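S.K.: This is the structure I want to talk about, given as C-alpha cells.
Read the figures in this text as sums done on the coordinates, not as results from a lab. On a predicted model such as this, the values are computed, not experimentally measured, just so you know. Note: ideal-geometry Cβ built from the backbone for every residue, glycine included; neighbour counts use all protein chains shown.
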Amino acid sequence: MKRIFSGVQPTGNLHLGNYLGAIRNFVRLQEDYECIYCVVDLHAITVWQDPKELRASTREVAAAFMAAGIDARRHIIFNQSQVPAHAELAWIFNCVARLGWLNRMTQFKEKAGKDRENASAGLYVYPNLMAADILAYHATHVPVGEDQKQHLELARDIAQKFNHDFGVEFFPLTEPLIFGEATRVMSLRDGSKKMSKSDPSEFSRINLTDDADAIAQKIRRAKTDPHPLPHTVAELEARPEADNLIGIHAALSDRTRAAVLAEFAGAPFARFKQALTDLAVAKLGPIGQEMQRLMADPAEVDRILRDGARRANAIAEPVLRQAQDIVGFLRP
Ligand code: AQP
C-alpha cells in the first residue's frame with residue numbers, strides 16, 4: 001500500500017489554515033493510504049518554545065488530529081522526538097544537502113527575517129530534518145499546504161543525491177499532495193499574508209479551539225473591500241481578501257469558488273460574512289469541542305502518542321539501519 005507521512009508543528013494557535021491546508025486532507029486520505037501523522041516537536045524548537053507550552057501544544061495537535069477524524073488505531077499518530085531515527089537520519093542528510101540548496105529556501109528567509117545571524121542553526125537545516133521525517137518511512141506521498149512545496153522538492157533532491165552518490169535505489173522520490181480549495185489560507189487582516197500561528201494579531205486567524213462567539217467576531221472584523229461580491233472567479237484575482245473568504249467558504253462547504261459565487265454574486269459582504277460564520281461554526285465547533293474533551297485527559301493522549309511512537313519506530317529504525325549500512329557506518 002502507498003504510504004503517507006505528514007506533520008504539524010506543536011507551536012500553539014492551531015488554525016483554519018492548518019486544518020484546510022493539511023489536517024482535513026489527512027483525514028480524507030485514510031481510506032486509500034497507510035498514514036503516519038506526526039507532531040513535529042523537533043521542528044518546533046528551531047524557534048524558542050517554552051517547555052511547558054511545548055508539552056501542551058504537542059497534546060493539542062494530537063487532539064486536533066483525532067478530533068478531525070484521524071483513526072489512531074488504524075493509522076499512526078506520534079510525536080517526532082520519541083522516534084530517534086528522525087534526528088539520526090537528518091544528520092546524514094545534513095551531509096548530503098548542499099548549502100546552495102538551503103540558501104534558496106524562502107521559509108528560512110521569512111522566519112529568520114532581518115536578524116539572520118541570530119537564527120538557530122536548526123532553523124537553517126529544518127528542510128533536511130523534514131526530508132528525514134518523510135524518507136525514514138519511505139513515504140511515497142506527503143499532503144501539505146502550498147507553503148511546504150519547496151521543502152518537498154528539496155526532500156526529492158536529497159533522496160536523489162543520496163541514491164546517486166551511493167549508487168543505490170534506496171529512497172523514493174516523494175510526491176506532494178496539495179489539494180482542496182484552500183491550499184493557502186490567508187490572514188483575515190491582510191489578504192497578502194498567509195494565515196499563520198505566529199501572527200501577533202489574534203484577529204488574523206481562526207483557531208481550531210475558538211468558540212462560536214470568537215469565530216463570529218473574527219469573521220465580522222475580517223478585512224474586505226467596499227464592493228459587493230463579484231459574479232466570476234476571475235474578478236477575485238484583484239481582490240485578495242474577497243478571494244480568501246470565498247475560498248474558505250468553498251473549502252468548508254466542499255464546493256468550488258464558482259459555486260459559492262453563484263450563490264452570493266452581488267451580495268454585500270455583511271450577508272456573506274453571516275453565512276460564512278454559520279458555516280464555520282457548524283464545521284469547526286464540533287472539532288474544537290472534541291479537542292477540549294481529549295485534552296482534558298492528557299494521560300490518554302500521551303498513551304496514544306506512545307503507542308504510535310512504538311509502531312512508527314518499528315518502521316523507521318530498519319530504514320535508518322539500512323541507510324547507515326549504505327553510508328558505511330560500522331555496526332559490529
Ligand atoms: N495558511 C495556511 N494555509 C494552508 N495550509 C497551511 N499550513 C500552514 N499554514 C497554512 C499547512 O499546515 C501544515 C502544518 O504547518 P506547520 O505547523 O508545520 O508549519 P507552518 O507552515 O510554519 O505553520 P504556520 O501556521 O505558518 O506557523 P508559523 O507562524 O510558525 O509560520 C503544513 O502542511 C502547512 O503547509
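S.K.: About the Cα centre, and with charges only on the beta carbon of Lys, Arg (+1) and Asp, Glu (-1), how big is the dipole of segment 202-293? Nearest 20 debye, please.
M.R.: Working: 12 positive and 13 negative charges, 18 e Å.
For this selection, approximately 80 debye.
S.K.: If you don't mind, there's one more thing I want to ask. Which residue, ILE304, ILE206, ILE70, has the most motion in a Gaussian network model of the chain that connects Cα atoms within less than 10 Å?
M.R.: With Cα springs under 10 Å in the chain, the top fluctuation among ILE304, ILE206, ILE70 is at ILE304.
S.K.: Between beta-carbons, use under 15 Å as the cut-off and find the net charge around GLN217, counting Lys and Arg +1, Asp and Glu -1. Walk me through the numbers on the way to the answer.
M.R.: Numbers: positive: ARG189, ARG205, LYS218, ARG220, ARG221, LYS223, LYS273; negative: GLU202, ASP210, ASP211, ASP213, ASP278.
My count for the surroundings of GLN217 gives +2.
S.K.: Is segment 172-287 best put as rounded, prolate or oblate by its Cα gyration tensor, with a ≥ b ≥ c the root eigenvalues, rounded for a/c under 1.5, and otherwise prolate when a/b is larger than b/c, oblate when not? Before the final figure, lay out each step's value.
M.R.: Working: a/c = 1.41, a/b = 1.09, b/c = 1.29.
It is rounded, given that a/c, with a ≥ b ≥ c, falls under 1.5.
S.K.: Taking amide H positions as placed in the peptide plane 1.01 Å from N, state which residues far from SER187 in sequence (5 or more) or on other chains have amide H under 5 Å from it.
M.R.: Residues meeting the criterion, in which the H sits 1.01 Å from N, are LYS193, LYS194, MET195.
S.K.: Run the quick spin-label model on ARG73 and HIS231: label points 7 Å from Cα toward the beta carbon, then report their separation in nm to one decimal.
M.R.: 5.4
S.K.: Would you mind checking the radius of gyration and Dmax of the chain based on alpha-carbon positions, in Å?
M.R.: According to the Cα coordinates of the chain, Rg and Dmax are 20.6, 73 Å.
S.K.: Could you grab the relative contact order for segment 202-293? Cα pairs under 8 Å, six or more apart, rounded to a whole percent.
M.R.: Working: 90 pairs, mean separation 37.1, N = 92.
Worked out over segment 202-293, it gives 40 percent.
S.K.: With springs only between Cα atoms under 10 Å apart, run a GNM on the chain and tell me which of ARG156, ARG59, ARG116 wobbles the most.
M.R.: The residue that fluctuates most here is ARG116.
S.K.: What's the ranking of 290-299, 82-91 by average number of surrounding C-beta atoms within 10 Å, highest first? Walk me through the numbers before you get to the answer.
M.R.: Details: 290-299: 14.5, 82-91: 19.5.
Result, highest mean Cβ count within 10 Å first: 82-91, 290-299.
S.K.: Find how many whole Å separate the alpha carbon centroid of segment 264-305 from the alpha carbon centroid of segment 22-91.
M.R.: 20
S.K.: Continuing with the same structure: Can you tally the net charge around ALA258? Count Lys and Arg as +1, Asp and Glu as -1, for every other residue whose Cβ sits under 13 Å from the Cβ of ALA258. Spell out each step's value before the answer.
M.R.: On the way: positive: ARG255, ARG257; negative: GLU181, GLU235, ASP243, GLU263.
For residues surrounding ALA258, the net value is -2.
S.K.: Using only Cα atoms and rounding to the nearest 10 degrees, what angle (0 to 90) does helix 85-94 make with the longest principal axis of the chain?
M.R.: So the helix axis and the longest Cα principal axis differ by about 80 degrees.
S.K.: What does the net charge come to around ALA64 if you take all other residues with beta carbon closer than 11 Å to its beta carbon, with K and R at +1 and D and E at -1?
M.R.: Details: positive: ARG24, ARG59; negative: GLU60, GLU290.
Taking every Cβ under 11 Å from that of ALA64, the sum is 0.
S.K.: What list of ³J(HN,Hα) values in whole Hz, one per residue of segment 143-159 in order, does the Karplus curve 6.51 cos²θ - 1.76 cosθ + 1.60 (θ = phi - 60°) give from phi, with Gly and Pro shown as x?
M.R.: x, 8, x, 4, 5, 9, 4, 5, 5, 5, 5, 5, 4, 5, 4, 5, 4
S.K.: With labels modelled as points extended 7 Å from the Cα through the Cβ direction, what inter-label distance (nm, one decimal) is found for LYS52 paired with GLN274?
M.R.: Distance between label points: 4.4 nm.
S.K.: For an R0 of 51 angstrom, estimate the FRET efficiency from the Cβ-Cβ distance between ASP190 and ARG311 and round to the nearest 0.05.
M.R.: Once the sixth-power term is evaluated, E becomes 0.80.
S.K.: Quick one: helix 240-252 against the long Cα principal axis of the chain, what's the angle to the nearest 10°, folded into 0 to 90?
M.R.: Between the helix axis and the principal axis of the chain, the angle is about 70 degrees.
S.K.: Taking 31 Å as the cut-off for C-alpha to C-alpha distance, list the pairs among LYS52/LYS161; LYS194/LYS283; LYS52/LYS114; LYS52/LYS223; LYS2/LYS193; LYS193/LYS273 that go past it. If you can, show how the numbers build up before the last one.
M.R.: On the way: LYS52/LYS161 39 Å; LYS194/LYS283 21 Å; LYS52/LYS114 29 Å; LYS52/LYS223 34 Å; LYS2/LYS193 34 Å; LYS193/LYS273 20 Å.
Exceeds cut-off: LYS52/LYS161; LYS52/LYS223; LYS2/LYS193.
S.K.: Evaluate E = 1/(1 + (r/R0)^6) for ARG321 and LYS2, where r is the Cβ-Cβ distance and R0 equals 22 Å; express this FRET efficiency to the nearest 0.05.
M.R.: FRET efficiency, ARG321 to LYS2: 0.45.
S.K.: Can you compute the FRET efficiency between ALA258 and LEU102 using 1/(1 + (r/R0)^6), with r the Cβ-Cβ distance and R0 = 41 Å? Round to the nearest 0.05.
M.R.: Numbers: r = 40 Å, r/R0 = 0.97.
It comes to 0.55.
S.K.: Short version: ³J(HN,Hα) in whole Hz for each residue of segment 35-44, in order, from phi by Karplus 6.51 cos²θ - 1.76 cosθ + 1.60 (θ = phi - 60°), x for Gly and Pro, what are they?
M.R.: Rounded to whole hertz, the list is 10, 10, 10, 10, 8, 8, 6, 5, 5, 4.
S.K.: Given H placed 1.01 Å from N in the peptide plane, which residues other than close sequence neighbours of GLY7 have an amide H under 5 Å from its amide H?
M.R.: Residues meeting the amide H criterion: CYS38.
S.K.: Also, I was wondering about something else. Roughly what angle does helix 126-135 make with the longest principal axis of the chain, taking Cα atoms, 0 to 90 degrees, to the nearest 10?
M.R.: It works out to around 70 degrees.
S.K.: If amide H atoms are built 1.01 Å from N in the plane of the peptide, which residues on other chains or at least 5 residues away come under 5 Å of the amide H of HIS15?
M.R.: Sorted by chain and number, the residues that satisfy this are LEU208.
S.K.: Okay, helix-only estimate at 222 nm for the chain: each DSSP H run of n ≥ 4 adds -39500 (n - 2.57), divide by all residues, round to 500 deg cm²/dmol; what do you get?
M.R.: On the way: 14 runs with 169 residues, N = 332.
Estimated from H runs of four or more residues: -16000 deg cm²/dmol.
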